[in-house]
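See below for the structure under consideration.
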Amino acid sequence: MIGGAPFYEFGRFGEGTSLVIAVLLGIAFGWFLEQGGMGNARKLSGQFYLTDLSVLKLMFSAIVTAMLGLFWLSWAGLLDLSRVYVPETFIAPQVVGGLIFGAGFATGGLCPGTSCVAAATGRKDGLALIAGMLAGVFVFGEASPAIGQFADSTGRGAWTLPQAFGLSYGTVVGGIVAVALGAFAGAEWLERRAERPARPMKVVA
Amino acid sequence: MSDVATTAAGQPLGTAASSRAEVTTTTRVQVRREAAPYASPYVAGVGIGVVLLLAFVLMGRGLGASGAFSSVVAAAVSTAAPSHAAGNEFYSRYLSDGAANPLRDWLVLEIIGVVIGGLASAVLAGRVRWTTERGAGITDRRRLVNAFVGGTAMGVGAKLARGCTSGLGLTGGATLSVGSWLFVIAAFVGAYATAPLLRRAWR
Amino acid sequence: MTVDARRRPGIERALAIVAVVGGALAVVAGSPTRATRGSVDVTELARIVEHEEDHVTAVELATWIRDDKPRLRVLDIRADSEFADFHIPGATRVPLAEIARMPLDSAATYVLYSEGGTHAAQGWFLLRARGVKNVFFLRGGLYEWLEQVMNPRVASTTPQAQRDSVRALTLWFGGKMTVVDSASTTTVPSVLDGALSTPHKSDTRESIKKIRRRAC
């Protein structure tokens, strides 16, 4: 492998270094999240009322960037894609879990990662959300023997979209880029529509 | 980095209410300047994408968040009731050799970084405030209850799905994992279905 | 606080263009790996190995070379320096990574060899995975070549005809045949029966040195 990436997978450095890298990557992650306003529940929740679609823009931009990066680094022979971790698919638990998660997301206005940014910047609701998350994980942990069978059901392993649709990897990549750009155009249109006041808007702090 | 518009008298526009807030909470105000505008979500998103890509290139894995919460809970339960934790398949997954040191967990350290990075960004942009983000339609207390309840639901949902918007949405999204895309779609459906019930909370 | 977001139309447009180009080219490229994917019929391969149709003996290879078998390609998988020291006449050096990528000649007969034969066997598998049918390897490796072609030790009880054919082959390659009296020699494989003898694990370097000394 010319490039030798992922470097940790090829034994280029050990666990200690990997933990340092974790912190550094986390710092950059947190930085950009806050820069994008994701640490602010009011801004974030605008997504679900179609007034401020920053969540969609930010997430989709991140996904597309990393996705293209993975494709082209692999194509250039610099990265061994087969050694990159692909989250496993568990159809039923992930759909049900997603619905529950989404309901919580709209209620709380933050997600696990952004709640840490919110808490870090002094937001009490971020702290409350973190506490809630810990409680939720505990509830799940205690309930897991009972619902374990469902939680482990319908597993499909590292199933990817190209495999599922029978399309080439590159075609799926191109398709997602197209969907993203379409979504961005739609988002801009929705936000412009939201800005045109049907009634006078309050200037709030 | 402050390019906030001002009135002719030099008063920053759009922040009249926050000035009022500052008057009543002067002792606790940490910011020295008015809040700078957020970055473009596209640019911030690409920035996160690069960080995510770096994680893949360096570690062969993506970013995450909910896993850190699991590690913390598993460690806490293991400390309080070791045999119970060891006997529970879910907790054991986050414990190695029976004892968990969350500080050696990759995701926990990443989250520590997120806290540092988020704070740094907010400090430089003048966006640190000890406050509760809520709409005018509800009280602080109500908002905090909502946040806790929402967090609980997300904790359950994330563990059921084995990830959250970071671990599945970003990492799974970029690696084209089917289950991750299903999760994200389901999450948005769940959110849009719930949002109308909470309209007053955000106005 | 509700704070406006800064808009960067120039940067955003540039990013969008990069994304479009990156995505469109990805569709064209199709696969994120330029490496060839191989596939094998494991049952078929097992059958081939069991029937010993996967390898050739050194004598067989030597005969092919001497008789100028058409489109024979002998590949040496060892390091550059080892190749420079000594290689089978007509062989080209191709490391395993290249074997995985090199352009293929569908009409050629490939024979791979390495020091002992293991790497050559792996190369054989790679070429089969790439769809090549006419591929063999030297199971005993260079050891076998030196033992059976360059330095064969023939028992004195071997029939004259056989001894002559071995000597002719050996001489053709500049080697030397030795006739040994005792019974404790390895039987020289006949070109006719194609049986493989167990090569001595003698030092390749020693054998090569002996060959060198003999040369003028």
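Every number in this text was worked out from the coordinates using simple rules, so none of it is lab data. Owing to the predicted nature of the structure, the values given are computational and were not obtained by experimental measurement. With ideal geometry, Cβ positions are generated from the backbone for all residues, glycine too; neighbour counts draw on all protein chains shown.
Whole-Hz ³J(HN,Hα) for each residue in segment B:68-85, computed from phi via Karplus 6.51 cos²θ - 1.76 cosθ + 1.60 with θ = phi - 60°, x for glycine and proline: what do you get?
For segment B:68-85, the Karplus-derived couplings read 5, 4, 4, 4, 5, 5, 4, 5, 5, 5, 5, 6, 6, 8, x, 5, 5, 5 Hz, x marking Gly and Pro.
Starting from the Cα of residue B:50, step 7 Å toward the Cβ, then list every residue of segment A:61-83 with an amide N under 14 Å from that point.
A:62, A:65-66, A:69
Mind putting a number on the dipole of segment B:133-203 about its Cα centre? Charges go on the C-beta only, +1 for Lys and Arg and -1 for Asp and Glu, and I need it in Debye to the nearest 20. It would help to have the intermediate numbers written out before the result.
Working: 9 positive and 2 negative charges, 64 e Å.
Approximately 300 debye in magnitude.
Counting other C-beta atoms within 10 Å, and keeping those with at most 10, which DSSP coil GluC sites (Glu not before Pro) do you find in segment C:1-109? Working shown, then result.
Values: sites: C:12, C:44, C:50, C:52, C:53, C:60, C:82, C:98; in loops: C:52, C:53.
Passing both the DSSP loop test and the Cβ count: C:53.
Divide by every residue of chain A the summed helix terms, -39500 (n - 2.57) for each DSSP H run of at least 4, and state the resulting mean residue ellipticity at 222 nm, rounded to the nearest 500 deg cm²/dmol.
Working: 8 runs with 135 residues, N = 205.
After summing the helix terms and dividing by residue count, I get -22000 deg cm²/dmol.
Using +1 at the Cβ of each Lys and Arg and -1 at the Cβ of each Asp and Glu in segment C:22-61, identify which of C:24, C:43, C:56 lies farthest towards the dipole's positive end.
Farthest towards the positive pole: C:24.
From a point 7 Å beyond the Cα of residue B:81 in the direction of its Cβ, which residues of segment A:146-177 have a backbone N at a distance under 16 Å?
A:146-147, by backbone N distance to the label point.
What are the membrane-span-like helices in chain A by this rule: whole DSSP H runs, Cα extent along the axis at least 24 Å, mean Kyte-Doolittle hydropathy at least 0.5?
Numbers: long enough: A:15-35 (30 Å, 1.32); A:54-75 (31 Å, 1.62); A:91-108 (25 Å, 1.36); A:124-151 (37 Å, 1.11); A:169-195 (39 Å, 0.67).
Those that clear 24 Å and a mean of 0.5 are A:15-35, A:54-75, A:91-108, A:124-151, A:169-195.
Between residue C:153 and residue C:85, take the C-beta separation as r, use R0 = 30 Å, and let me know the FRET efficiency to the nearest 0.05. Provide the component values of the computation, followed by the final result.
Numbers: r = 23 Å, r/R0 = 0.76.
FRET efficiency, residue C:153 to residue C:85: 0.85.
Give the cross-link partners of residue C:176 among the aspartates and glutamates, using a straight C-alpha distance below 15 Å as the criterion and excluding same-chain residues fewer than 8 apart.
Residue C:176 reaches C:144, C:147, C:164, C:206.
For labels at residue B:189 and residue C:71 in the simple 7 Å Cα→Cβ model, what's the distance in nm?
It works out to 5.7 nm between the two label points.
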